[in-house]
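Chemist: For reference, the structure I am asking about is given below.
The values are calculated or read from the model by the stated rules, or taken from the named source; none is laboratory data. Since we're looking at a predicted model, the values are computed, not measured. Note: ideal-geometry Cβ built from the backbone for every residue, glycine included; neighbour counts use all protein chains shown. Just so you know, the surface numbers come from the protein's heavy atoms only, side chains and all, with ligands and any DNA or RNA stripped out. Shrake-Rupley method; radii C 1.70, N 1.55, O 1.52, S 1.80 Å.
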Amino acid sequence: MAADHTQAPVLQALAEYRGKGRLSFTPPGHKQARGADPAVREVLGDAVFLGDVLASGGLDDRLKRGRVLERAQELMADAVHADHTFFSTCGSSLSVKAAMLAVAGPHEKLLVGRDAHKSVVSGLILSGIEPVWVEPRWDAERHLAHPPSAAEYEAAFAAHPDARGALITSPTPYGTCADLRAVAEVCHRRSVPLIVDEAWGAHLPFHPDLPSWAMDAGADICVTSIHKMGSGLEQGSVFHLQGDLVPPELLGMRADLLSTTSPSVLIYAGLDGWRRQMALRGEELLGATLELAAGVRAAVEQIDGMHVNDRSDFCGPRLADDFDPLPVVIDITGLGITGFQASDWLREHRGIDAHLTDHRRIGAQITYGDDEETTGELLAALKDLAGAAADLGPAPRVAVPSPDELRTEQVRLPRDAFFGPTENVPVSRAAGRIAAEMITPYPPGIPAVLPGELLTRPVVEYLRTGLAAGMYLPDPSDPELNTIRVLAEGA
């Protein structure tokens with residue numbers, strides 16, 4: 001029997017809750033906005049509070065006999081061709097950890113692409129999993145990492161046949177994609193699962209001109225952020241499961257270890273509504289978005305000093321396998337300024353917030369929430385930036401290492417280094433010491449330094465010059481990076 005995607009169980013249960021005028025003597029304490037601060041109500045609006053109810057004992061009864069959440073998850077799974085779907089209100093940072101814990105445990109090996117997000121590294125620290133790092137395909141000319149190839153995972157499994165599975169990130173925040181089908185085949189020849197961190201790929205299942213998505217490519221677990229390229233609320237994430245290599249009850253148990261017991265019904269409603277929107281109109285909406293993005297790309301390419309990275313830049317031998325055109329990644333090297341300067345100028349002078357920002361690029365994420373008006377404002381602002389660039393330069397020097405220099409040796413497990421005895425050393429004496437913290441340029445959030453890695457002078461210099469140039473480093477214990485937390489000598 002075909003699923004009825006006109007239904008939205010969470011949204012419908014929320015409407016029923018309001019319609020019946022239920023009187024709650026449970027959390028949340030604002031009691032349907034009545035107790036909220038008037039100034040907060042004025043800014044947020046009462047609709048936020050009216051949708052903020054208990055999931056169990058509110059949206060559904062205390063025994064969940066309405067199966068509200070379960071029905072919403074079943075519809076989501078059907079929409080994307082998965083066997084099972086789990087909702088998360090704690091973002092994909094939680095979802096990817098749950099997936100990792102369902103595949104490997106303390107001191108067991110997991111193959112992981114070294115271009116993984118910091119949430120994956122957090123999962124390694126919490127779990128005690130031993131990472132076997134799989135090298136990305138480094139573009140030395142553009143100073144960019146693309147997902148590892150299937151051949152690289154094959155070689156890693158050959159060297160570590162006891163690995164319990166593999167994890168790959170695709171698409172990257174830059175829109176580059178792996179050949180997931182080939183990577184899944186490498187895993188399945190060994191009867192081990194593939195986890196795909198597809199946080200940037202929520203939209204992929206819903207248009208044929210977009211890259212193949214993880215479930216259709218044969219992955220076992222896929223994690224995706226509905227709030228990134230979809231229209232869910234921040235922190236709205238789902239993880240999908242198919243096949244028999246990971247039992248669904250095991251994945252549910254692992255997720256329960258990390259999940260909140262007070263999930264946000266507002267976020268659930270956003271996930272549920274987005275699924276309905278995509279199931280009914282996804283191809284139409286994304287088709288128009290692809291046309292819009294193509295126009296933006298062509299227009300930016302005409303601005304002096306700017307180049308839009310496209311398939312010919314990102315795909316090819318020893319580069320990425322596929323490409324999503326909706327993250328419009330703009331190389332501004334020709335303007336003589338950094339992406340940090342460009343992003344700050346756009347926000348301060350034109351009220352435009354760029355997403356991805358690095359030493360030579362800015363990113364403008366185009367979704368079906370955009371139209372000719374919003375992209376017109378973006379293009380006008382970029383033209384103004386090109387005109388103002390001469391007054392912003394010269395670009396501060398960022399000492400970007402070569403690919404060989406950028407990679408540091410893992411000499412301790414991330415967990416052991418993070419929780420071991422530590423000390424803070426002056427950055428000038430950090431080279432040669434074992435890092436005990438993450439240091440992550442953000443966005444996109446791929447750590448340059450991991451706990452347990454041996455610090456080197458080129459990497460330290462990259463971070464120091466990057467910070468001085470405007471790079472954002474959210475996680476080191478010393479935000480100024482005058483010191484770095486390292487494993488104590490002799491530990």
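Chemist: Go through (1) open to solvent by less than 10 Å² (accessible area, probe 1.4 Å); (2) part of a loop (DSSP other than H, G, I, E, B) one by one and return the number of the condition Ala98 breaks.
Modeler: (2)
Chemist: So which residues in the stretch 47-64 are outside any loop (DSSP other than H, G, I, E, B) and open to solvent by 60 Å² or more (accessible area, probe 1.4 Å), if there are any at all?
Modeler: Selection gives Ala47 alone.
Chemist: Taking interchain pairs and intrachain pairs at least six residues apart, which have beta carbon atoms under 6 angstrom, with the first residue in the stretch 1-17 and assigned to a loop (DSSP other than H, G, I, E, B) and the second open to solvent by less than 40 Å² (accessible area, probe 1.4 Å)?
Modeler: Ala3/Leu75; Ala8/Asp272; Ala8/Gly273
Chemist: A follow-up question, please. Residues to consider are Asp404, Asp384, Asp370, Asp391; find the one that is outside any strand (DSSP E or B) and closer than 30 Å to Gly490 by Cα.
Modeler: Every option except Asp404 fails the conditions.
Chemist: On the basis of being surrounded by 14 or more Cβ atoms within 10 Å (Cβ to Cβ) and within 20 Å of Thr224 (Cα to Cα), does Leu69 make the cut?
Modeler: So Leu69 fits the description; yes.
Chemist: Picking from Ser212, Ser225, which residue would you name as being closer than 25 Å to Arg181 by Cα and out of contact with any Leu (no Cβ under 8 Å at 6 or more places or on another chain)?
Modeler: Ser225
Chemist: Sticking with this one: Is it fair to say Val296 is among the aliphatic types (A, V, I, L, M), touching a residue at least 60 places away in the same chain (Cβ under 8 Å) and on the phi < 0 side of the Ramachandran plot?
Modeler: yes
Chemist: Let me ask you something else. For Leu245, indicate whether it is open to solvent by 30 Å² or more (accessible area, probe 1.4 Å), part of a loop (DSSP other than H, G, I, E, B) and under 21 Å from Val103 (Cβ atoms).
Modeler: Judged against the criteria, Leu245 is a match.
Chemist: Is one or more of the residues making up the stretch 435-452 under 23 Å from Arg360 (Cβ atoms) and in a helix (DSSP H, G or I)?
Modeler: Checking the stretch 435-452: not a single residue is under 23 Å from Arg360 (Cβ atoms) and in a helix (DSSP H, G or I).
Chemist: Then there's this: If you check every pair at least six apart or on different chains, which have Cβ atoms under 9 Å apart with a residue in the stretch 228-244 that is on the phi > 0 side of the Ramachandran plot first and a residue that is open to solvent by less than 20 Å² (accessible area, probe 1.4 Å) and part of a strand (DSSP E or B) second?
Modeler: Gln235/Ser88; Gln235/Ser225
Chemist: Find the residue count for the stretch 251-272, including only residues that are open to solvent by 40 Å² or more (accessible area, probe 1.4 Å) and either on the phi > 0 side of the Ramachandran plot or not small (Gly, Ala, Ser) (or both).
Modeler: Final tally of qualifying residues: 8.
Chemist: How many of the residues in the stretch 104-141 are assigned to a loop (DSSP other than H, G, I, E, B), among the charged types (D, E, K, R) and open to solvent by less than 40 Å² (accessible area, probe 1.4 Å)?
Modeler: 2
Chemist: Looking only at the stretch 458-479, which residues are farther than 22 Å from Arg360 by Cα, open to solvent by 50 Å² or more (accessible area, probe 1.4 Å) and either at pLDDT 95 or above or in contact with a Phe, Trp or Tyr (Cβ under 9 Å, 6 or more places away or on another chain) (or both)?
Modeler: Ser477
Chemist: Oh, and also: Being touching a Leu at 6+ places or on another chain (Cβ under 6 Å), surrounded by 15 or more Cβ atoms within 10 Å (Cβ to Cβ) and under 19 Å from Asp331 (Cα atoms): is that true of Ala381 here?
Modeler: Against the criterion (touching a Leu at 6+ places or on another chain (Cβ under 6 Å), surrounded by 15 or more Cβ atoms within 10 Å (Cβ to Cβ) and under 19 Å from Asp331 (Cα atoms)), Ala381 qualifies.
Chemist: Does the stretch 161-169 contain any residue that is among the hydrophobic types (A, V, I, L, M, F, W, C), under 20 Å from the mean Cα position of the chain (by Cα) and at pLDDT below 95?
Modeler: No, there is no match, as no residue in the stretch 161-169 is among the hydrophobic types (A, V, I, L, M, F, W, C), under 20 Å from the mean Cα position of the chain (by Cα) and at pLDDT below 95.
Chemist: While we're looking at this one, here's another question. What's the total number of residues in the stretch 181-203 that are farther than 14 Å from Ala99 by Cα, open to solvent by less than 10 Å² (accessible area, probe 1.4 Å) and out of contact with any helix residue (DSSP H, G or I) (no Cβ under 6 Å at 6 or more places or on another chain)?
Modeler: 3
Chemist: Hey, can you tell me all the residues within the stretch 142-155 that are open to solvent by 10 Å² or more (accessible area, probe 1.4 Å), at pLDDT 95 or above and not charged (D, E, K, R)?
Modeler: Ser149, Ala150, Ala151, Ala155, listed by residue number.
Chemist: Kindly list, by first and then second residue, each pair from a residue in the stretch 273-284 that is touching a residue at least 12 places away in the same chain (Cβ under 8 Å) and polar (S, T, N, Q) to a residue that is open to solvent by less than 100 Å² (accessible area, probe 1.4 Å) and in a helix (DSSP H, G or I), limited to pairs with Cβ atoms under 8 Å and residues at least 6 apart or on different chains.
Modeler: Cβ pairs passing all conditions: Gln277/Leu285.
The rows are residues; the columns are (1) open to solvent by less than 60 Å² (accessible area, probe 1.4 Å); (2) touching a helix residue (DSSP H, G or I) at 6+ places or on another chain (Cβ under 8 Å); (3) under 27 Å from Ala217 (Cβ atoms); (4) not hydrophobic (A, V, I, L, M, F, W, C).
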position: Ala294; (1), (2), (3), (4): yes, no, yes, no
position: Arg297; (1), (2), (3), (4): yes, no, yes, yes
position: Phe314; (1), (2), (3), (4): yes, no, yes, no
position: Thr333; (1), (2), (3), (4): no, no, no, yes
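Yes/no per residue for (1) closer than 24 Å to Ser231 by Cβ; (2) without any contact (Cβ under 8 Å) to a residue 12 or more places away in the chain; (3) of a type in the set (A, V, I, L, M, F, W, C); (4) touching a strand residue (DSSP E or B) at 6+ places or on another chain (Cβ under 8 Å):
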| site | (1), (2), (3), (4) |
| --- | --- |
| Ser127 | no, no, no, no |
| Tyr153 | no, no, no, yes |
| Leu167 | no, no, yes, yes |
| Thr172 | yes, no, no, yes |
| Gly175 | yes, no, no, yes |
| Cys187 | no, no, yes, yes |
| Leu194 | no, no, yes, yes |
| Glu198 | yes, no, no, yes |
| Phe206 | yes, no, yes, no |
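Chemist: I'd like the residue in the stretch 388-446 that is more than 27 Å from His355 (Cα to Cα), in contact (Cβ under 8 Å) with a residue 60 or more places away in the chain and of a type in the set (Gly, Ala, Ser) and, out of all such residues, is least open to solvent (accessible area, probe 1.4 Å).
Modeler: Among those that are more than 27 Å from His355 (Cα to Cα), in contact (Cβ under 8 Å) with a residue 60 or more places away in the chain and of a type in the set (Gly, Ala, Ser), it is Ala417.
Chemist: Which of the helices (runs of 4 or more DSSP H) contained wholly in the stretch 252-367 include at least 2 residues that are of a type in the set (Ser, Thr, Tyr)?
Modeler: Once the helices (runs of 4 or more DSSP H) in the stretch 252-367 are filtered for at least 2 residues that are of a type in the set (Ser, Thr, Tyr), what remains is 265-301.
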